[in-house]
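The next block holds one structure in the form of structure tokens; read it before the comments.
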Amino acid sequence: MDVEPAAQPRPLLLVPQPSPRHALAQRVKTLARKHGLTVSAITSAAAFPEVLTILRDRIAAGHLAGMDWFTAERAAASCEPRTLMAEPRAILSVGVAYWGQDAGKPDDGVPRGRISRYARGVDYHEVLPRRMRALHASIEALVGHAVECRFLTDHARIVDRAVAARAGLGWYGKNACVIVPGHGSWVMLGEMLLDLDLEPDRPLDRDCGRCAICIDRCPTGAIVAPYTIHAPACISFQTIEQRGAIPRELRGRMGDWVFGCDVCQEVCPYTGAAADDPDPEFLPASVEHAYPSLPGLLDMSTRTFRGRYRGTAVMRARRVGLARNAAVALGNIGTEDDAPVLARAALGHDEALVRGHAAWALGRIGGRAARQALARAWERERDVGAREEIEWALEAGAR
Ligand code: B12
Ligand code: SF4
Ligand code: SF4
């Protein structure tokens, strides 16, 4: 008689169950995507002592000169999340991606400048907080109770890139930008400090390897060492934050940038792998929001400036800053044909800062019309700074 073999006991398989804080973290990140936050990752609310050391060194070395708000005290506060909320339990680092192919400058015969991509559409200071607030409401609905939260983006009280790097949202490139897998560095960052127990993500174990393209290609040499930007030499600083004259030795290297600069990101190999899927709110409403006419910027009234750029980050440069930048850009890419526009600005702009930079541009372009305009401006100008620019242009420039 055959005897059935006894059934073997089945091995007990232990499938790890996600902890409640892990499961909640996943659901929060899924909700973030639904609210238009392309990427998100979580880190603890612990302090950032190693970042504080970096910030102090950079301030001491003068790399942040010109941004008077960037004091050692502010730096210390920005590395301690507990100065923002009594008991934060997690930080949700969020980002909106904005890379996309564009048609480039139109071939319409108009000399045009260039606005950096992040500033072409709706101001990210408006977009990110709006989406974070909506996400916060959804999180409260999910957990069924109120959750204390603090929203931040581009705020002097936290270092956005440091949070993103520690959360593993991305990793630091040598251009100091946080590179996000699948999106390159084309991601604007924000944070939500939350009184909610969420499992932190891990930092990414990535770096640039031997690449140094951004360092070599920065037009002004502002990336003075890997991960180190000398802000006073950065075109982004000069076109956005600088309120006075742009140092003459930099002007000729600024190309056609009139607001910000994207060079160290455009040349990065990770840009080639970035998703061509810009957030619709970051797209320009018109060509003037991406490649503005330089004569147009030089002649622009306050009313036109506000009407066109209200609600975009470009407002930060103010009308006078944008006109000054346009003069420099026209000096770089213009020809003798542009002398009449520059002459009008050098002789008649209501801001001496713009008259002076237009004189510089005339000096750079050279030619008979430029020299005549400079001579007339010299007779008429009373502002000391603008006169000094005319003098330089007559001597060193338009010969
Ligand atoms: C001040 C400021 C500027 C200044 C100074 C730039 C700078 N690099 O500091 C100026 C006006 C020049 C500027 C320009 C730009 N900015 Co800006 N800026 C800021 C701001 C307000 C503070 C940055 C800061 O703390 N700087 C202090 C210095 C020391 O930090 P850092 O240069 O970033 O250096 C970090 C790394 O290099 C790293 N690090 C240092 N040493 C080492 C060593 C190793 C081995 C490693 C791995 C890392 C590492 O640690 C540092 C601290 O995080 C932040 C918003 C915020 N509140 O955080 C936005 C911010 C950094 N800017 C941003 C952007 C988009 C720009 C521009 C691209 C805009 C443009 N198109 O013109 C350029 C890029 C210039 C550049 N290559 O950095 C984004 C960056 C997004 C991203 N994915 O990285 C931010 C985060 C704004 C935002 N909320 O999205 N900016
Ligand atoms: S933003 Fe432009 S000027 Fe500034 S570091 Fe990058 S490439 Fe250089
Ligand atoms: S260009 Fe090269 S060195 Fe610079 S951030 Fe990109 S990968 Fe890093």
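See the values below:
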{"read-out": "Filtered residue count, the stretch 72-124, keeping only those that are closer than 26 Å to ALA327 by Cβ and not in a loop (DSSP other than H, G, I, E, B)", "value": "6"}
{"read-out": "All positions within the stretch 315-329 that are β-branched (Val, Ile, Thr) and either in contact with a Leu (Cβ under 7 Å, 6 or more places away or on another chain) or under 13 Å from SER116 (Cα atoms) (or both)", "value": "VAL320"}
{"read-out": "Candidate set: the stretch 383-395, residues that are hydrophobic (A, V, I, L, M, F, W, C) and over 15 Å from GLN372 (Cα atoms); chosen: the one surrounded by the fewest Cβ atoms within 10 Å (Cβ to Cβ)", "value": "VAL384"}
{"read-out": "Residue within the stretch 163-183 that is of a type in the set (A, V, I, L, M), in contact with a Leu (Cβ under 9 Å, 6 or more places away or on another chain), more than 16 Å from ligand 1 (Cβ to nearest atom) and under 20 Å from ASP195 (Cα atoms) present", "value": "no"}
{"read-out": "Residue satisfying condition, being in the same structural domain as GLU148 (by TED's automatic domain parsing), closer than 30 Å to ARG308 by Cα and of a type in the set (Val, Ile, Thr), within set ILE54, ILE42, ILE115", "value": "ILE115"}
{"read-out": "Pick from the stretch 88-133, criterion among the acidic types (Asp, Glu) and either touching a residue at least 40 places away in the same chain (Cβ under 8 Å) or within 13 Å of ligand 1 (Cβ to nearest atom) (or both), ranking: surrounded by the most Cβ atoms within 10 Å (Cβ to Cβ)", "value": "ASP123"}
{"read-out": "For LYS174: the one exception among (1) in contact (Cβ under 8 Å) with a residue 60 or more places away in the chain; (2) closer than 25 Å to ALA60 by Cβ; (3) not β-branched (Val, Ile, Thr)", "value": "(1)"}
{"read-out": "Which listed residue is more than 9 Å from ligand 3 (Cβ to nearest atom), charged (D, E, K, R) and modelled with pLDDT of 95 or more, from ASP195, ASP207", "value": "ASP195"}
{"read-out": "Residue within the stretch 8-26 that is closer than 28 Å to PRO226 by Cα and either exposed (fewer than 15 other Cβ atoms within 10 Å of the Cβ) or modelled with pLDDT of 95 or more (or both) present", "value": "no"}
{"read-out": "Flag for ALA146 being more than 26 Å from GLN242 (Cβ to Cβ), at pLDDT below 95, in the same structural domain as ALA274 (by TED's automatic domain parsing) and of a type outside the set (S, T, N, Q)", "value": "no"}
{"read-out": "Residue in the stretch 253-275 that is of a type in the set (Val, Ile, Thr), outside any loop (DSSP other than H, G, I, E, B), more than 10 Å from ligand 2 (Cβ to nearest atom) and out of contact with any Lys or Arg (no Cβ under 8 Å at 6 or more places or on another chain) present", "value": "yes"}
{"read-out": "Extreme residue, surrounded by the most Cβ atoms within 10 Å (Cβ to Cβ), among residues of the stretch 209-229 that are assigned to a loop (DSSP other than H, G, I, E, B) and near ligand 1 (Cβ under 9 Å from one of its atoms)", "value": "ALA222"}
{"read-out": "Looking only at the stretch 252-290, and only at residues there that are among the β-branched types (Val, Ile, Thr) and more than 16 Å from ligand 3 (Cβ to nearest atom), the one that is farthest from THR38 (Cα to Cα)", "value": "VAL258"}
{"read-out": "Test result for PRO295, in contact with a Leu (Cβ under 8 Å, 6 or more places away or on another chain) and more than 15 Å from ligand 1 (Cβ to nearest atom)", "value": "yes"}
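Here is a yes/no grid of residues against (1) of a type in the set (A, V, I, L, M, F, W, C); (2) more than 12 Å from ligand 3 (Cβ to nearest atom); (3) not in a loop (DSSP other than H, G, I, E, B):
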residue	(1), (2), (3)
ALA176	yes, no, no
ILE179	yes, no, yes
LEU189	yes, yes, yes
LEU250	yes, yes, yes
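To keep it simple, each residue is scored yes or no on (1) in contact with a helix residue (DSSP H, G or I) (Cβ under 7 Å, 6 or more places away or on another chain); (2) farther than 22 Å from VAL110 by Cβ.
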{"position": "ALA290", "(1), (2)": "no, no"}
{"position": "ARG310", "(1), (2)": "no, yes"}
{"position": "ALA345", "(1), (2)": "yes, no"}
{"position": "ASP350", "(1), (2)": "no, yes"}
{"position": "TRP392", "(1), (2)": "yes, yes"}
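The values are calculated or read from the model by the stated rules, or taken from the named source; none is laboratory data. Worth saying up front: this structure is predicted, and the values here are computed from it rather than measured. All Cβ positions, even for glycine, are placed from backbone atoms using ideal geometry, and neighbour counts span all protein chains on display.
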